[in-house]
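See below for the structure under consideration.
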Amino acid sequence: MERTLVIFKPSAVARGLVGEVLSRFERKGLQIVGLKMSQLSDEILNEHYAHLAGKPFFGEIKASMQATPVILCCLQGKEAVQVVRNMTGATNGRVAEAGTVRGDYSVSTQENIVHSSDSVETAKVEVARFFRSDELFEYKHPFTQFFYASDEI
Ligand code: ADP
């Protein structure tokens, strides 16, 4: 099963949306295998958003991600990276489709509620960046047969 990283950004924590959004992922059928709160350091944000380091809004993004602690979540499921990315929606909440997290809860490009890994390779790096191996869990879901056909798992 694939694993992916979701960060509930300060826009979710401050607005009290963590439980509501996390429950969407649970109801979809994704399994929580890691969950914790963290105040993100400059160092880890420089790594996490290295692809945006040259942008004029880089300082703003970092400040925005440090405005409150965040909730870090590792979700597991078949093709979990794509499933979660589809549920996340486009970066800009104003154009993200209704029904996605950003489409339903955000009117902003920066304050867009969640981060989710954008590829299988990135997910591996990101999960390892934010979770130690002893913070991630492997456990059997008792109702797997009601989430997947036997040839899907
Ligand atoms: P995504 O989070 O959809 O994968 P990116 O990796 O391109 O998008 O950007 C990371 C985060 O940086 C975005 O989620 C958003 O919070 C912020 N961001 C991206 N582009 C802008 C922008 N033009 N202005 C302000 N913030 C931005």
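The values are calculated or read from the model by the stated rules, or taken from the named source; none is laboratory data. As the structure is a prediction and not an experimental result, all values here were calculated from the model. Because the Cβ atoms are built from the backbone with ideal geometry, glycine has one as well, and the counts that use them run over all protein chains shown. Note: accessible area is taken over every heavy atom of the protein model, side chains too, but ligands, DNA and RNA are not part of it. Shrake-Rupley method; radii C 1.70, N 1.55, O 1.52, S 1.80 Å.
Within the stretch 62-74, count every residue that is in contact with a Gly (Cβ under 9 Å, 6 or more places away or on another chain) and either more than 16 Å from the ligand (Cβ to nearest atom) or modelled with pLDDT under 95 (or both). Spell out how you get there, then give the answer.
Going through the stretch 62-74, the residues in contact with a Gly (Cβ under 9 Å, 6 or more places away or on another chain) turn out to be 72-74.
Among the residues that remain, those that are also either more than 16 Å from the ligand (Cβ to nearest atom) or modelled with pLDDT under 95 (or both) are: 74.
Total satisfying the criteria: 1.
Tell me, yes or no, whether the stretch 127-137 has at least one residue that is within 9 Å of the ligand (Cβ to nearest atom) and either surrounded by fewer than 15 Cβ atoms within 10 Å (Cβ to Cβ) or of a type outside the set (Lys, Arg) (or both). Step through it out loud before you land on a result.
At the first step, the residues of the stretch 127-137 found to be within 9 Å of the ligand (Cβ to nearest atom) are none.
No.
Taking into account only those residues within the stretch 140-153 that are touching a residue at least 24 places away in the same chain (Cβ under 8 Å) and outside any helix (DSSP H, G or I), which is nearest to Leu72 (Cα to Cα)? Steps first, answer last, please.
Applying the first criterion (touching a residue at least 24 places away in the same chain (Cβ under 8 Å)) to the stretch 140-153 yields 141, 147-148, 152-153.
Next, only the ones that are outside any helix (DSSP H, G or I) stay: 141, 147-148, 153.
Working: His141: 21, Phe147: 24, Tyr148: 26, Ile153: 26 Å.
Step by step, filter the stretch 140-153, then rank; the result is His141.
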Long-range neighbours under 7 Å by Cβ, at least six apart or interchain, first residue within 19 Å of Leu45 (Cβ to Cβ) within the stretch 123-136, second in a helix (DSSP H, G or I) and open to solvent by 70 Å² or more (accessible area, probe 1.4 Å) = Arg129/Glu47
Pairs only if they're at least six apart or on different chains, beta carbon under 8 angstrom, first in the stretch 7-28 and touching a residue at least 24 places away in the same chain (Cβ under 8 Å) and of a type outside the set (A, V, I, L, M, F, W, C), second part of a loop (DSSP other than H, G, I, E, B) and surrounded by 20 or more Cβ atoms within 10 Å (Cβ to Cβ); list them, first residue then second.
-> Lys9/Asn112; Lys9/Ile113; Ser11/Ser106; Ser11/Asn112; Ser11/Ile113
Tell me, please, whether a residue that is within 15 Å of the ligand (Cβ to nearest atom), open to solvent by less than 60 Å² (accessible area, probe 1.4 Å) and more than 30 Å from Glu138 (Cβ to Cβ) can be found in the stretch 41-52.
-> yes
Of (1) open to solvent by 10 Å² or more (accessible area, probe 1.4 Å); (2) closer than 20 Å to His141 by Cβ, Pro69 satisfies all except one. Which?
-> (2)
By residue number, the members of the stretch 87-117 that are open to solvent by 40 Å² or more (accessible area, probe 1.4 Å) and of a type in the set (A, V, I, L, M) are Ala90, Val95, Ala98, Val107
Could we say that Phe57 is within 11 Å of the ligand (Cβ to nearest atom), aromatic (Phe, Trp, Tyr) and either more than 17 Å from Phe131 (Cα to Cα) or surrounded by fewer than 17 Cβ atoms within 10 Å (Cβ to Cβ) (or both) here?
-> yes
